[in-house]
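Each remark here refers to the structure printed beneath this line.
The values are calculated or read from the model by the stated rules, or taken from the named source; none is laboratory data. Computed from a predicted model, the values in this text were never measured in an experiment. As a convention, Cβ positions derive from the backbone with ideal geometry for all residues, glycine included, and neighbour counts pool all protein chains shown.
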Amino acid sequence: MNHSYNYEIACEYGVNSATFLQNLAFWIKKNQENNRNNKDNYTWSFQTQAELSKILPFSIDQIKRMVKKLKDAGIIKVEQYNKSSYNRTNWYTIIDTKISQLLNITKKIFKGKFEIKLDDTMIKQAQNLNINDIDNEFEKFVSFNKNKFKSLKLMHSKWLLWLKQAVKYHKQQNKKTAQSQNQEKAAYKWDFKKAQFDSNKIKDWLDFTAKINWIDDYYLKDINPFVINANNGKLTIFWKDVLHPDFNKQEILLYIKNDDVSDDSVIDVELLS
């Protein structure tokens, strides 16, 4: 018997798991067509591990390991919906959105005899509005409406309104994020300019008043920090390479503190003389 698998799934999870998932997807779609094995908003396939080992080229132990691996990864769900408590046959379904899409499994939700299905029309409506996670939006849509749809036409109409609101909401969130980023950038720019102003004063004082060639004598030698004498006592001078907010470059900012002060607060540059 020939067995096929999805190449992308095989690259990520291995050929054996991809083959298992391909077989499972076949039976899920078959059961969807026949409207059977629908439980808890999923369509399922049930088979014993012994039965699976007969139709797949794997031993029972291999199947057990694959099932555990895929279940732990959140790709499949395993339940037992058997009528008899003595029947321990597993029911399997695929719950991972990406895997479902790769295997062409359409998400369906069932409520009694009425099937609420994410059909091609609804998918196209979402794609036209550039909705990325369509399955997630569909589940939220159904949950919000509590499965109350009298007709397919009404469901399509409500779905389109839901999508437009979703687009509006995401735009507002993106705008808030952009505003927050702009505020953070403005705050950083303001703090940088204040620190740059003080740093330039220190640099001028070192170059012209203290006659210290701080770049050659200290910075280029990577000695950090260094101590000098000033009218108000010993000063420790240290620096940071800070990213300039307007240009893609690092700028050297100098800071000072008084060694006679017990805390680490930076002294006012106006104390320099």
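Observations, loosely collected:
Okay, residues lined up against (1) at pLDDT 85 or above; (2) surrounded by fewer than 17 Cβ atoms within 10 Å (Cβ to Cβ):
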residue: Tyr81; (1), (2): yes, yes
residue: Ser85; (1), (2): no, yes
residue: Ile99; (1), (2): yes, no
residue: Lys113; (1), (2): no, yes
residue: Lys124; (1), (2): yes, yes
residue: Leu129; (1), (2): yes, yes
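- Scanning the range 205-224 for residues being within 15 Å of Leu253 (Cβ to Cβ), at pLDDT below 80 and not hydroxyl-bearing (Ser, Thr, Tyr) gives a total of 1.
- Of note, Leu118 does not satisfy the criterion of being at pLDDT 90 or above, surrounded by 15 or more Cβ atoms within 10 Å (Cβ to Cβ) and in contact with a helix residue (DSSP H, G or I) (Cβ under 7 Å, 6 or more places away or on another chain).
- The range 152-163, residues that are exposed (fewer than 12 other Cβ atoms within 10 Å of the Cβ) and either β-branched (Val, Ile, Thr) or modelled with pLDDT of 85 or more (or both): Leu161
- Restricting the range 194-203 to residues that are surrounded by 12 or more Cβ atoms within 10 Å (Cβ to Cβ) and among the charged types (D, E, K, R), the residue that is nearest to Ile252 (Cα to Cα): Lys203
- Restricted to the range 1-84, the set of helices (runs of 4 or more DSSP H) holding at least 1 residues that are without any contact (Cβ under 8 Å) to a residue 12 or more places away in the chain, under 15 Å from Leu103 (Cα atoms) and β-branched (Val, Ile, Thr) comprises 15-33.
- Of all residues in the range 244-257 being at pLDDT 85 or above and surrounded by 12 or more Cβ atoms within 10 Å (Cβ to Cβ), the one that is farthest from Glu184 (Cα to Cα): Leu254
- Of all residues in the range 9-32 being within 13 Å of Asn104 (Cβ to Cβ) and out of contact with any strand residue (DSSP E or B) (no Cβ under 9 Å at 6 or more places or on another chain), the one that is surrounded by the most Cβ atoms within 10 Å (Cβ to Cβ): Ile9
- Residue under evaluation Leu52, criteria (1) surrounded by 13 or more Cβ atoms within 10 Å (Cβ to Cβ); (2) under 26 Å from Glu139 (Cα atoms), criterion not met: (2)
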